């Protein structure tokens, strides 16, 4: 697959954030369809709150955040039902990612301009996450505690970097 760059290209946070959408055109639409799911009316009534926390600074693309949200939501909804949980995505992809696409193949040197005017075009957005920042929070009842941990673990597999699951409120059940 010529021209395709590795997925870890945008993981590292290198320079100043690039977020001023006012001055740029053609930014791809954010793929995250919902930030709050489940029983929104009872979100304060659930005794257990579990967090998915990033262990190191990383940039998470909007597509990875949506994949994590879908995986977590689907897993917990099967076990707890539509009204037995509350899930919230706590990060928003503000960072605009740019890429200077290079031509490859025979004769590419005649049609490409190399690093001249190499500002790049917007290819997506990402959320800049700091160390120990909460990515998602999941509120559940006592019987769904293990299912909540499993759902957050599945979500964590879909985001770059390392993560941990922390229980904030409620009695712990092993």
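The values are calculated or read from the model by the stated rules, or taken from the named source; none is laboratory data. No experiment lies behind these values; they were computed from the predicted model shown. Virtual Cβ from ideal backbone geometry, glycine too; neighbours counted across all protein chains shown.
A few notes on this one:
- Residue match in the range 89-101 (condition: at pLDDT 90 or above, part of a loop (DSSP other than H, G, I, E, B), within 12 Å of the chain's Cα centre (by Cα) and within 15 Å of residue 37 (Cα to Cα)): yes
- Residue tally, condition more than 19 Å from the chain's Cα centre (by Cα), in a loop (DSSP other than H, G, I, E, B) and surrounded by 11 or more Cβ atoms within 10 Å (Cβ to Cβ), over the range 119-145: 2
- Test: residue 74 is modelled with pLDDT of 95 or more and over 12 Å from the mean Cα position of the chain (by Cα): yes
- Here is the figure for the range 29-50: residues that are touching a helix residue (DSSP H, G or I) at 6+ places or on another chain (Cβ under 8 Å) and either under 26 Å from residue 84 (Cα atoms) or crowded, with 17+ Cβ neighbours inside 10 Å (or both) total 9.
- Taking the criterion of being surrounded by fewer than 18 Cβ atoms within 10 Å (Cβ to Cβ) and part of a helix (DSSP H, G or I), the residues of the range 78-88 that qualify are 78, 79.
- From the list 15, 33, the one residue that fits, being without any contact (Cβ under 8 Å) to a residue 12 or more places away in the chain, assigned to a loop (DSSP other than H, G, I, E, B) and out of contact with any strand residue (DSSP E or B) (no Cβ under 6 Å at 6 or more places or on another chain), is 15.
- Within the range 146-174, the set of residues being closer than 19 Å to residue 66 by Cα, modelled with pLDDT under 95 and over 16 Å from the mean Cα position of the chain (by Cα) is empty.
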